[in-house]
Structures are given as C-alpha cells and as structure tokens.
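Heads up, the thing below is written out as structure tokens.
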Protein chains: 2
Amino acid sequence: MPRIVDHEERRSRLADAAATLIADAGLDAAGLRQVARAGAVTTGAVTHYFDSKEALLDAAYAAVMERLAAQQQAGPPVGELTAEALAGHVATFLPHDADSLRDWRVWLAFSARALVDPRLAAQHRAAYARITAQLAGEISDRPEARALADMLVALVDGLAIRMMLEPGDWPAARVHAVLMTVTPTCFREEER
Amino acid sequence: MPRIVDHEERRSRLADAAATLIADAGLDAAGLRQVARAGAVTTGAVTHYFDSKEALLDAAYAAVMERLAAQQQAGPPVGELTAEALAGHVATFLPHDADSLRDWRVWLAFSARALVDPRLAAQHRAAYARITAQLAGEISDRPEARALADMLVALVDGLAIRMMLEPGDWPAARVHAVLMTVTPTCFREEER
C-alpha cells in the first residue's frame, strides 16, 4: 500500500514555514528555496504545492489572516461583555505571545506590500470585510454597530503596530487603559 | 561671485524624491541612482548629500513623520474642540489628498521595514513619543489624557491603512462615523 501523504497538511506546513521566514526577515526572505530549506524538503516539493512564489505568499497571508480572525471569534459575542471584559477580550486580538506576534509581523509586511500589489490588496479587503461584519453583528443590531466595529478593528491594527515597533513600551496596563477609553461605547444605551 | 546653492533645500528635495519613489513602488525602488534620476541630478550629487542609501531613507522617513505630525499641530488644541469638530480635525490627519496619501504610503512602507531594522524602529519610537505627548497635552491635564492620545493615534494609524488598501470603501461619511464613536470621550466630564 503506498504511503499516504496528507497534502493539505504539508501545504499548510510550508505556508507556515514561509510565514516564519517573513516574520523574521521580511517578505524577500521567503523565496521557494528558503522555504524548502526551512521546511526540510526539496525545492521541487515546494513547487509541487505552489507553482510560484506568489502562490506561496498568498497561502501564507491567507493562513495568517485566518488565525487573526479566529482569535476574534474565540470569545463570547462582544456585545454580551462588560466594558472591562471586552477590553480583556480585545487585548487577545493583539500580539500577546510568540505565535500571535509572528502573525502580526507577517500582517504588517503584507499590508505594506499590498500598497503595490493589487492581488494582496484584494485579499486584505475581503478578509477585513469578513472580520468587520462578524464583529458588527456581535456588537449589536444598532445601525452604529458597523462604525463601532470599524473603530475597534482600526484601533487594534494601530495598537498592534505600536506594540511590535516599541516592544518594551506597551505593558498590559497601557494596552488596557487604551482599550478602556473605547469599550464602554460598544454597549447598548440601556446597558451603560 | 560664485552661485550660492541652498544645500538644505537640495537635500530636502532629494529626500522628497525618495519619498515619492517609495510611495509609488516600495522601499526597494528608492536606490541612490533612482533618486538621482527622479531629482534630475547625478548619482554623485546624491552621494554628496547622503553617504548611503540608509542616510537617504532616514531623511525621507524623517521628513514624512514631520509632515504627518505637523498636520496634527495645524488646528486648535484638540481639547478645545467639540466632538464634531474634533472628528473633522482628526480626519485631516488621515490620507485626504495626494500629498498626505503619499506620506502615509511611505509611513506604511517604513513601518514594515522597521520590523527588521532597529535604526528605523528607534526613529519610529521617537516620532510617536513626540506626537503622543503633544496630543495628550492638548486633550487635557487629566491622567487619562495619555490613554486617549494613545487611542487616537492608534485609531488614525489603523484607519489610514484601511483607507490606503481599500481606496473606494472609505467615503468621508464612513470615516466621520468611526471618529464620532470616540471623540465624545476626549472631553472633560463636565463638558460632555
């Protein structure tokens, strides 16, 4: 019986190796050869799964955006949380351990590249539309829920950049204080 | 009498040419030769002012951060504005014309590069410390002014990225609605 290779698993392991290379040294560090070396496979094995560097980068970006969005969906619906608990929950969207820091670094590298790569910009746009719609639905069915979701998503992105570029300057208390300036506005009037 | 060359002006014109190249095509597009061509001078003239590509990029980044910070200082102290007026003022920090869009694109390219370039990260950190201290001072002398300034700065950064990568999706009304979710919290209690 031939050995069964889990193609999905191998594909995702290579996308993962690409993400780690990008997080460590930038997008130019994730060529097919470097990814092959990092994944301990031949370049031929990489090109079997990805027919170009672009396809590999697309897969790495998609995996990162999926993990960042999954973090957001991990808690209870945000509309059911108190302002304190919502601040605590939103803090988990931000870089908070080695894995999420890696994903955010990849996010920033891709966001900059998307400025000059319409295909990545389209991927970004679709991912953000999904994330924002999900968050707005959780906040409430009030018409301003979309503006609140836009605000939370933008705030998280802006904070993530600061936390990555000023790693010593953002203890949990500072992050919490910033989030507490906005989370009380995310509740229905009658609950404030 | 020898012709007097305004060295500061020429230096800043070359940094400006570099910023335009970066905004259009990314950081790798701003080599000494390309900047010389864009500035209609010889490569020797560029190296007269900047002894390396790094020095040129530093100058371009510094000029961009200075312009973005100057925009913030252009209005009245934010603590004196109504929530509506503050939302309108903060909207002018965001990409709103060709020049500010160029500067924000350069900002994003540099922010990503700063992940793997400690010198740029230090430049980023110093610029943000200045911007945030200025904004906090304008908001009020309440202790939470710093958290509010951190919040506004992060929100602006996050929104700027969305506006750049989804150029058709952010009409002024959407930006205004997002800013209005937070500007009422920037006032003293007694003024709300």
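So the label point sits 7 Å from Cα along the Cα-to-Cβ vector; using that for B:A70, what distances do you get to the other copies, in nanometres, sorted shortest first?
Result for B:A70, in nm, nearest copy first: 4.7.
In the full protein assembly as shown, how much of B:T43 is accessible to a 1.4 Å probe, in Å² to the nearest 10?
Solvent-accessible area, nearest 10 Å²: 60 Å².
Any idea what angle helix B:145-165 forms with the longest principal axis of chain B, computed on alpha-carbon atoms, 0 to 90 degrees, nearest 10?
For helix B:145-165, the angle is close to 60 degrees.
Under 1.5 on a/c is rounded, so check that first for segment B:106-176, then, if it is not, pick prolate when a/b is larger than b/c and oblate when it is not; a ≥ b ≥ c are the square roots of the alpha carbon gyration tensor eigenvalues.
Judged from the Cα gyration tensor, segment B:106-176 comes out oblate (a/c at least 1.5, b/c at or above a/b).
Just need the Rg to Rh number for the protein assembly as shown, please, alpha carbons only, Kirkwood Rh.
1.00
Report, in degrees rounded to the nearest 10, the 0 to 90 angle that the Cα long axis of helix A:118-139 makes with the longest principal axis of chain A.
40
Placing the label point 7 Å from Cα along the Cα-to-Cβ direction, what are the distances from A:R174 to the equivalent spots in the other copies, shortest first, in nm to one decimal?
3.1
Run the accessible area of chain A with a 1.4 Å probe and give the carbon-and-sulfur part as a rounded percent.
Answer for chain A is 55 percent, counting heavy atoms of protein chains only.
Cα centroids of segment B:146-166 and segment A:69-144: how far apart, whole angstrom?
Cα centroid to Cα centroid, the span is 14 Å.
In Å², and per residue, what accessible area does chain B have when probed at 1.4 Å with the other protein chains present?
45
Before we go on, tell me the buried accessible area for the A/B pair, both chains summed, 1.4 Å probe, in Å² to the nearest 100.
3300
In square angstrom, rounded to the nearest 10, how much accessible surface does B:D99 have for a 1.4 Å probe?
110
FRET efficiency for A:A98 and B:E54, Cβ-Cβ distance as r, R0 = 25 Å, nearest 0.05? Don't skip to the answer; put the middle values down first.
Values: r = 29 Å, r/R0 = 1.17.
Efficiency for this residue pair is about 0.30.
How much of the calculated P(r) for segment A:20-104 lies past 18 Å, in percent of all Cα pairs?
Working: 1900 of 3570 pairs.
The answer is 53 percent, as a whole percent.
So, R0 is 25 Å and r is the distance between the beta-carbons of A:D141 and A:D169; what FRET efficiency does that work out to, to 0.05?
Using R0 = 25 Å, I get an efficiency of 0.05.
Under the classification rounded if a/c is under 1.5, otherwise prolate if a/b is larger than b/c and oblate if not, where does segment A:1-146 fall, given a ≥ b ≥ c as square roots of the Cα gyration tensor eigenvalues?
Numbers: a/c = 2.24, a/b = 1.95, b/c = 1.15.
It comes out prolate by the Cα gyration axes.
Using the alpha-carbon atoms, what tilt in degrees (0 to 90, nearest 10) does helix A:98-114 show relative to the longest principal axis of chain A?
Between helix and principal axis, roughly 80 degrees.
A:H96: accessible area at probe 1.4 Å, nearest 10 Å²?
Result for A:H96: roughly 90 Å² accessible.
The values are calculated or read from the model by the stated rules, or taken from the named source; none is laboratory data. Quantities reported herein were computed from a predicted structural model and do not represent experimental measurements. All Cβ positions, glycine included, derive from the backbone under ideal geometry; neighbour counts span all protein chains shown. Note: accessible area is taken over every heavy atom of the protein model, side chains too, but ligands, DNA and RNA are not part of it. Shrake-Rupley method; radii C 1.70, N 1.55, O 1.52, S 1.80 Å.
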